[in-house]
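Asks: Shown below is the structure under consideration.
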Amino acid sequence: MASSLAVLVLVLAIVFSPHCGWALPLGSKHPTGMTEEQACRPAKVFHEPYSASFNESLVHHNDTGMAYVNELSAFMSQRMSDRLNDLAKQTSHSLMVVDGYEAPVFPVPQSYRTLRYEGRAISLTISSVSIDDLEAQLSNLADTAISVGFDWVAFVNSTKIELGVIPIKCHNVLDLAFLIDGSGSVGLEDFERTKDFVKQILSFYDIGENTTHASLTTFAGISLHKSTLEGYLDCPIDTQFRSDLMGCSCPRKSKCLGPSGTDTTPGCRKDTSGPTVHYFDFDCSTCACNGATYFAGGPSSQVNFDLNDYFNSTDMYAAIDGAPYPASGTHTSEGLKRIRTDVLIDTEGARSSQFGVPSVVIVLTDGQATIGYEPAEEAALLRDQGAVILAVGVGDYNLEQLYTMASEPVQNHTFTLASYAEVLDATNLLGGIICDGGTLDPDGDVDTSVDDDEVLYFQPACTESTDNMILVVTTHSGSVSVFVSFSTNVPGPLDFDFKDDSNSTVKLINVVRPTVGAQVFVAIMGHASPQSHFEMTVTCIAATTSSPSISSTVTTVTTTSSTTTTATTTTTTTTTTTTTTTTTTTTT
């Protein structure tokens, strides 16, 4: 079944303004054109003051040279605290946090999601300058905040600046397969930048035998089959066009298959003027080569390391640094094929989606594929295998080919950059998107575990997009909550259409799509240390039939453009196609 990595819906292309070292003008934001939530990833949870998750997730920032509007505003994420320390070192002004951590009000409104729930956003002002000089000094401070690495900076109010950061780590467990363009148009300098991009993305993840795994594959490939003479067509891929007009040569140690050629009949021939080389006439439509599939100079793709080769960052980064630059053509389809046949397989460390580990492929390319190596067919096979594909185009990219690679919806899985100089600026955003969007399309039952306060995301699908489904989540140890959404791929306590956070060991959820083809997203959050073990089964039901009557507590969810209304009654119900109904039962 096809998988989906739904990401920030509003972002069709990453637009980064280079940091130029001038004061940030009033009314400006960095990165340009992005909201705080887009740049820093949405808030997914909330921490009640001084609760266990509050104490574990937030630190008390206690800088003697800084003031705080209240006690709670001094609590923030570790990344926010580190960046604030860096900022304080770069200014002689006395700073004051005028707005920071925000305690949730219960029930938490779904329409209001703030990074302040997670201690990842603050408002900052300068307390040591006159009001007349405040705007100018805040403008300079905002520029300094960009230079020390805040992930979002906004100067939209003349009395303060807004600062935001991404989560410091992604704790979701993934199989990450990087496929990077090593063609001649990239150039050695930008190829090295690409490798730095891979390392920075990986720095967001816990690399280990039982956590995230990663692999690196390059694609390039020489294109000797291309015609070098006007008026002559190209030879087939994996052969060489002979400028002496003898025909199409096979690689050494490869034989020509087809009819034997004569002076008057096209077919296979041998060149014995040196080491024997098989070739065939230009107009032999039934001839082909059998054996070696590429010429000296390198294959179309190369696996630099597999998913089970390195389980620590130090060795993995060294392997990335050592990846050679292949140059030559852009054999994109061969790179995708190599990922499908040689990387995302059990023997090379790929883990089954049934155990809650998504396979995510990140393709980074700078141009369009060499003719004959277009990505559409191989990308479809890879997606059908269960992989999620995120396509990143740089410079002279072919947007149509990026779309043919990316998972659905394609505009949410496709990112573009003007040049390789912007690649490293994109890592914070892309690292977070990959983390949040690692949804699984379980082709069968799921039997896995989730860490305490961590979340696994699923996108169960049916053969027919109109089918409804019944989800059964059975907890074998620990405790889990279930969140279901028709709109976001990362449902949770702050964004859901339905939730079951009861203590029931069996949660049955009868999902009826609100519209034909609506996607269904499921999140399972753990609430026990170290892990909670659960199973999830998905049963598809044709939309034209009724589900069995179930004695249960029925929660009817009616979703409009602005509100979600919930009403609960105890009844015996039969699901129909005209009602969006979610059903839970408790096993006794």
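The values are calculated or read from the model by the stated rules, or taken from the named source; none is laboratory data. Being a predicted model, the structure only gives us computed values, none of them experimental. Note that each Cβ is placed from the backbone with ideal geometry, even for glycine, and that neighbours are counted across all protein chains shown. When the accessible area is computed, the model is the full protein with side chains, heavy atoms only, and any ligands, DNA or RNA have been set aside. Shrake-Rupley method; radii C 1.70, N 1.55, O 1.52, S 1.80 Å.
Asks: Given Cα positions, please report Rg to Rh for segment 359-411, the hydrodynamic radius being the Kirkwood one.
Replies: We get a ratio of 0.94 for segment 359-411.
Asks: At a Cα cut-off below 29 Å, give the lysines reachable from Lys89, other chains included and same-chain residues fewer than 8 away excluded.
Replies: Correct list for Lys89: Lys29, Lys160, Lys169, Lys199.
Asks: Further question on the same structure: Below 14 angstrom from the Cβ of Tyr232, what's the summed charge of the other residues (Lys, Arg +1; Asp, Glu -1)?
Replies: -3
Asks: Next question. In terms of the Cα gyration tensor, with a ≥ b ≥ c the square roots of its eigenvalues, is segment 406-515 rounded because a/c is under 1.5, prolate because a/b exceeds b/c, or oblate?
Replies: prolate
Asks: A follow-up question, please. Among residues other than Met246 whose Cβ falls under 15 Å from its Cβ, what is the net charge (Lys/Arg +1, Asp/Glu -1)?
Replies: -2
Asks: Further, regarding this structure: Would you please give the FRET efficiency between Asp425 and Ala542, computed as 1/(1 + (r/R0)^6) with r the Cβ-Cβ distance and R0 = 56 Å, to the nearest 0.05?
Replies: The calculated FRET efficiency here is 0.70.
Asks: Compute the length gained on full extension between Asp342 and Asp271: take 0.36 nm times their separation in residues and subtract their Cα-Cα distance, giving the result in nm to one decimal.
Replies: Here the answer is 22.1 nm.
Asks: Right, here's the next one. On a straight-distance basis, which aspartates and glutamates could pair with Lys226 in a cross-link, Cα separation under 12 angstrom, same-chain partners fewer than 8 positions away excluded?
Replies: By straight Cα distance, Lys226 reaches Asp234, Asp238.
Asks: When the accessible area of segment 43-196 is computed with all protein chains present and a 1.4 Å probe, what percentage of it is carbon and sulfur? Don't jump to the answer; show the numbers that get you there.
Replies: Values: 3000 of 6310 Å².
Carbon plus sulfur share of accessible area: 48 percent.
Asks: Taking the convex hull of the alpha carbon atoms in segment 212-328, what volume per residue do you get, in Å³?
Replies: Dividing the Cα hull volume of segment 212-328 by its residues yields 135 Å³.
Asks: Please calculate the 1.4 Å probe accessible area of Met536, with all protein chains present, and give it to the nearest 10 Å².
Replies: Accessible area of Met536: about 0 Å².
Asks: Still on this structure, I have one more. Please give the length that would be gained between Asp396 and Ser130 if that part of the chain were fully extended, namely 0.36 nm times their separation in residues minus their C-alpha to C-alpha distance (nm, one decimal).
Replies: Values: separation 266, 0.36 × 266 = 95.76 nm, distance 4.93 nm.
Additional length available on full extension: 90.8 nm.
Asks: Label-point separation (nm) for Ala23 and Ser203, each offset 7 Å from Cα along Cα-to-Cβ?
Replies: Using points 7 Å along Cα→Cβ, the separation is 3.1 nm.
Asks: When the dipole is taken about the Cα centre of segment 45-139, and only Lys, Arg (+1) and Asp, Glu (-1) are charged at their Cβ, what size is it in debye, to the nearest 20?
Replies: Details: 6 positive and 12 negative charges, 53 e Å.
It works out to roughly 260 debye.
Asks: What ranking do 34-44, 357-367 get when scored by the average of other Cβ atoms within 10 Å per residue, highest first?
Replies: On the way: 34-44: 21.1, 357-367: 24.6.
Final packing ranking: 357-367, 34-44.
Asks: Quote the accessible area belonging to Glu400 in square angstrom, nearest 10, computed with a 1.4 Å probe and with ligands, DNA and RNA left uncounted.
Replies: Around 140 Å² of this residue is reachable by solvent.
Asks: What area, in nm² and to one decimal, does the C-alpha convex hull of segment 278-434 cast on average over all directions?
Replies: Across all orientations, segment 278-434 yields a mean hull projection of 11.9 nm².
Asks: Right, another one. For segment 70-155, I need the span (max minus min coordinate) of the C-alpha atoms along each principal axis, in Å, sorted largest to smallest.
Replies: Per principal axis, max minus min of the Cα coordinates gives 42, 26, 23 Å.
Asks: Identify all lysines with a Cα-Cα distance to Lys499 below 18 Å; exclude those on the same chain that are fewer than 8 residues away in sequence.
Replies: Once the sequence-local lysines are set aside, what remains near Lys499 is Lys44, Lys507.
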